[in-house]
Structures are given as structure tokens and as C-alpha cells.
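The values are calculated or read from the model by the stated rules, or taken from the named source; none is laboratory data. Worth saying up front: this structure is predicted, and the values here are computed from it rather than measured. FYI the Cβ positions are ideal-geometry reconstructions off the backbone, even for glycines, and counts take in every protein chain you see.
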Amino acid sequence: MKITALRCAVIGKHPIVRIVTDEGIHGLGEVEYTKPYLKPWVMHFSEALIGEDPTDVERCMLKIRQRGSFKPHGAAVSAIEHALWDIAGKAANVPTYKLLGGKVRDKVRVYNGSLRRPMQGSTPEDYAADVKWMMELPEKFFMVKQGIGFHSRMKKDIPDFHYGLSQPPGYHGAMDQGQISTYAMGHMLDCVAAMKDVLGDKVGLALDCGPGWMLNDAIRFAQGVEKHNLMWLEDMLTGDYVPWVNPQAYRELTVSTTTPIHTGEQIYLRHNFKELIETQSIRVVGPDPADIGGIAELKWVAEHAYMHQIMMAPHGTANGLLGLGALINVCATLPANYIAFEYPSASDDFWHEIVTGLPEGQIVKDSHVELLPGPGLGLDIDPEAGKKYLREEDAGFFDN
């Protein structure tokens with residue numbers, strides 16, 4: 001089998017990768033909807049891949065892996081890797097998890113970080129109402145994640161939230177950073193208390209915090225919420241769209257508190273998790289299979305973290321439902337340190353119309369998703385339905 005074409009179409013806002021072969025088997029991968037500008041970067045790899053056997057996944061990846069980087073540019077490499085595994089599974093007529101060592105669980109636990117309604121404000125009452133709504137969703141999530149601090153509208157809603165640098169609103173990935181005011185610190189603690197009053201011990205609570213915190217504030221906040229037994233605090237020092245790791249500072253934060261510290265969604269490749277894991281700098285690692293370089297990279301990190309007693313909770317907000325296949329297949333194979341992955345809700349209703357292979361009816365039940373029975377990653381796009389959402393320049397995307 002040989003790769004005959006690498007294609008990328010923007011459907012909605014999502015770059016979708018499609019690898020075509022001379023045996024009529026194709027593979028798909030999805031890039032997060034916030035990254036439509038990555039289409040040319042995906043196509044940059046055509047020369048390296050055309051003519052290769054796509055079922056030799058690692059051989060293909062050795063040609064392109066070193067040409068990615070931290071989020072967002074690792075997404076192009078990751079989506080290609082997903083498409084290669086999709087083809088490999090289809091060629092063998094087995095789900096991709098069979099090629100990753102086989103499943104260790106029959107259904108995969110997920111948590112809610114993206115099924116949400118717009119927050120009306122930043123008061124404790126607003127936060128309490130929001131988690132109450134999430135707790136009552138029919139999916140019965142065992143845990144919810146809420147944005148707070150620099151990963152929320154607080155930084156704009158609360159006057160003098162911090163004394164550092166503020167970025168213009170509306171630019172995705174820009175980072176506010178600086179010392180948090182005494183009032184804002186107290187306000188955040190009040191919001192956490194309000195959420196826990198609603199959730200109690202029935203539903204776990206994690207907080208997506210940044211990045212942007214300075215270490216002294218991060219330590220104070222982590223110690224201040226210890227009594228609430230949170231699942232974790234995510235991306236306080238570095239994180240989303242920050243192209244460095246800073247394990248030494250994370251270790252100082254981690255050893256200062258009993259509250260678990262989590263990071264990793266923006267990190268590209270296993271090599272950049274090495275020091276975080278081996279120095280016990282975090283308690284929970286959270287790579288995104290659509291940014292780390294693919295599902296094989298994520299599995300390697302999970303196994304390495306397992307040997308160091310570090311938990312695994314993958315990030316997962318591709319938001320087009322197609323990326324759900326990669327998450328389910330790799331998480332079915334992960335060791336006992338696996339907690340759950342962040343369930344990626346559809347950014348637009350049409351994804352339910354065009355994606356095939358999804359479970360009938362409600363996808364998440366009792367906070368779990370069943371393994372997908374189809375070969376490869378288990379999900380596909382119906383060409384006739386998908387064509388309605390293609391841009392004019394992508395008209396040949398579904399051609400063989």
C-alpha cells in the first residue's frame with residue numbers, strides 16, 4: 001500500500017486531514033477548530049509522505065515528527081499521525097487500539113470540560129449556577145472542569161485583577177501574566193467554595209487556571225483550596241500556547257501543596273515531558289493527542305508517567321467529534337494511572353450529521369464512552385453529507 005495524496009480541508013473552522021492510498025483505503029485526522037490557519041502547514045508534509053506505506057506508521061512519522069513544535073504547530077503532525085493509524089487499523093480490519101497493544105478497558109471514562117453554557121459573570125453565584133447545570137446534564141459526568149483566574153473572564157471582569165501585563169482581548173492564545181491582587185485572590189477562593197457547596201463529594205471539581213500565575217500566587221491558591229479536595233489545578237505557570245515547560249518551578253509548586261498540579265496540553269513530543277515526569281514536578285499529566293504528536297506519543301508518556309506514580313488525564317477539545325476516535329482508541333490501552341479524558345463536544349450541530357460510526361443516541365452515559373466497533377479509529381465522514389460544508393477550494397477533498 002502507498003500514500004497517493006495528502007489532503008486537508010477546512011470544514012467549519014476545523015482543518016481535517018485525509019490521507020488517500022492506492023488501495024482505496026483512506027484515513028482521517030482532525031485539528032482543533034481554533035487552528036484553521038494550519039492547513040498550509042499540514043500540506044507542507046506532502047512531499048515527505050507520498051509514496052510511503054501508511055501502515056508503517058513509525059517510519060512515516062520519523063520523516064515529519066522533528067518538523068513540528070509546541071501547540072499549535074504540533075497539531076498538523078498529530079492529525080497526520082491519527083490518519084495513519086486510521087489506515088493501519090482499516091487495513092488490518094481491526095480497531096486501532098488492537099495495534100497499540102490491545103484494550104485494558106471496555107469503556108472509557110470522560111469528564112466535562114467543554115459541554116457548558118456561556119457564563120453570565122464571574123461571581124460566586126455565577127460559578128455555582130454553572131457547575132449545577134453541568135452536574136445535572138444527562139451524561140452524568142463524574143467530574144467537571146471550570147475555568148478560573150487567567151483562564152476565565154475574571155481577568156477582565158474584576159478591576160485590578162492583577163498587576164502584571166494584559167493582552168488585548170480577542171487574540172486566541174495571548175497570555176495575561178502577573179501578581180494577582182489580594183481582592184482577586186479572595187474572590188477566587190469564594191468562587192471555589194461556592195462550586196463545592198453545589199457539587200459536594202458527588203461530582204469532582206478540577207480548575208483550569210491559566211497559564212499566567214506567578215509561583216508565589218500559585219502556591220497560595222493551591223494551599224488555600226486544599227480543604228476542598230479538588231481533582232487538580234491545571235496550567236498555572238505554563239500551559240496553553242506556552243512553548244516551554246519550566247519543570248523546576250512546577251516542582252516547587254507541586255511539593256508545596258496536597259492539591260494535585262496538572263499540565264501538559266500544549267507540550268509536543270515525549271521528550272518534553274521527560275523532566276516533568278522524572279523529577280516528579282506534577283501529579284497529573286494532560287497531553288492532547290491532537291497536539292503532542294499523536295496517539296503513540298501520548299501512550300508513551302502515559303506509560304512513563306505510570307512508572308513514576310503520576311496520573312494521566314488527557315486534554316481533548318478538538319470540538320469536531322472526529323477527534324473522539326483517536327481519544328477513545330488510545331485511552332482504551334492506557335495503564336491504571338488513567339483518570340479520564342476531556343470530552344470534546346461538537347462546535348457545530350452539523351458534526352452529528354456528517355460523522356459516521358458514533359454510538360446511537362447519547363454518546364456519553366454515566367460518564368463513560370463505549371469503545372467504537374469499527375476498524376481504524378472507528379469514525380469517518382459521510383462524503384455526501386460532508387461536501388455541503390466544504391469550501392470551494394476544497395471541492396476534491398473526498399475524491400479517491
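Summary of computed values
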{"read-out": "Enumeration of residues in the stretch 218-250 that are of a type outside the set (A, V, I, L, M), in a helix (DSSP H, G or I) and over 22 Å from LYS71 (Cβ atoms)", "value": "ARG220, PHE221, GLN223, GLY224, GLU226, LYS227, HIS228"}
{"read-out": "Test: residue in the stretch 75-86 that is over 16 Å from ILE3 (Cβ atoms) and free of Cβ contacts under 8 Å to residues at least 24 places away in the same chain", "value": "no"}
{"read-out": "Search result, residues across the stretch 282-292 that are buried (at least 23 other Cβ atoms within 10 Å of the Cβ) and closer than 24 Å to GLN248 by Cβ", "value": "ILE282, VAL285, GLY286, PRO287, ASP288, ASP291, ILE292"}
{"read-out": "Unique match (being part of a loop (DSSP other than H, G, I, E, B) and in contact (Cβ under 8 Å) with a residue 24 or more places away in the chain) among GLY212, GLY170", "value": "GLY212"}
{"read-out": "Selection from the stretch 1-31 of residues that are under 19 Å from VAL77 (Cβ atoms) and not in a strand (DSSP E or B)", "value": "VAL31"}
{"read-out": "Residues of the stretch 349-362 satisfying the condition of being in contact with a helix residue (DSSP H, G or I) (Cβ under 8 Å, 6 or more places away or on another chain) and either in a loop (DSSP other than H, G, I, E, B) or loosely packed, with under 13 Cβ neighbours inside 10 Å (or both)", "value": "GLY357, LEU358"}
{"read-out": "Residues that are surrounded by 16 or more Cβ atoms within 10 Å (Cβ to Cβ) and not acidic (Asp, Glu), drawn from the stretch 388-400", "value": "TYR389, LEU390, PHE397, PHE398"}
{"read-out": "Given (1) touching a Gly at 6+ places or on another chain (Cβ under 6 Å); (2) surrounded by 15 or more Cβ atoms within 10 Å (Cβ to Cβ), number of the condition ILE158 does not satisfy", "value": "(1)"}
{"read-out": "Residue that is surrounded by the most Cβ atoms within 10 Å (Cβ to Cβ) [pool: residues in the stretch 293-326 that are out of contact with any helix residue (DSSP H, G or I) (no Cβ under 7 Å at 6 or more places or on another chain) and without any contact (Cβ under 8 Å) to a residue 40 or more places away in the chain]", "value": "ALA302"}
{"read-out": "The listed residue being of a type in the set (Asp, Glu) and at pLDDT below 95, out of GLU297, GLU360", "value": "GLU360"}
{"read-out": "Selected residue (only one of LYS39, LYS63, LYS103 is assigned by TED's automatic domain parsing to the domain that holds LEU324 and either basic (Lys, Arg) or assigned to a helix (DSSP H, G or I) (or both))", "value": "LYS103"}
{"read-out": "Qualifying residue in the stretch 117-124 (condition: crowded, with 17+ Cβ neighbours inside 10 Å, under 30 Å from GLY186 (Cα atoms), at pLDDT below 95 and touching a strand residue (DSSP E or B) at 6+ places or on another chain (Cβ under 9 Å))", "value": "yes"}
{"read-out": "Verdict on LEU379 being touching a Ser or Thr at 6+ places or on another chain (Cβ under 8 Å) and on the phi < 0 side of the Ramachandran plot", "value": "yes"}
{"read-out": "Flag if LEU377 is surrounded by 11 or more Cβ atoms within 10 Å (Cβ to Cβ), in contact with a Phe, Trp or Tyr (Cβ under 8 Å, 6 or more places away or on another chain) and either within 30 Å of ILE339 (Cβ to Cβ) or without any contact (Cβ under 8 Å) to a residue 24 or more places away in the chain (or both)", "value": "yes"}
{"read-out": "Residue in the stretch 40-49 that is buried (at least 22 other Cβ atoms within 10 Å of the Cβ) and farther than 25 Å from ILE267 by Cβ present", "value": "no"}
{"read-out": "Criterion violated by LYS140 - all others in (1) surrounded by fewer than 18 Cβ atoms within 10 Å (Cβ to Cβ); (2) charged (D, E, K, R); (3) in contact with a Lys or Arg (Cβ under 8 Å, 6 or more places away or on another chain); (4) not in a loop (DSSP other than H, G, I, E, B) satisfied", "value": "(4)"}
{"read-out": "Residue selected from the stretch 251-265 under the condition within 24 Å of the chain's Cα centre (by Cα) and outside any loop (DSSP other than H, G, I, E, B), by the criterion surrounded by the fewest Cβ atoms within 10 Å (Cβ to Cβ)", "value": "ARG251"}
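Let's see how each residue does on (1) farther than 24 Å from HIS187 by Cβ; (2) crowded, with 16+ Cβ neighbours inside 10 Å; (3) modelled with pLDDT of 95 or more:
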{"residue": "VAL203", "(1), (2), (3)": "no, yes, yes"}
{"residue": "ASN216", "(1), (2), (3)": "no, no, yes"}
{"residue": "ASP235", "(1), (2), (3)": "no, yes, yes"}
{"residue": "ILE267", "(1), (2), (3)": "yes, yes, yes"}
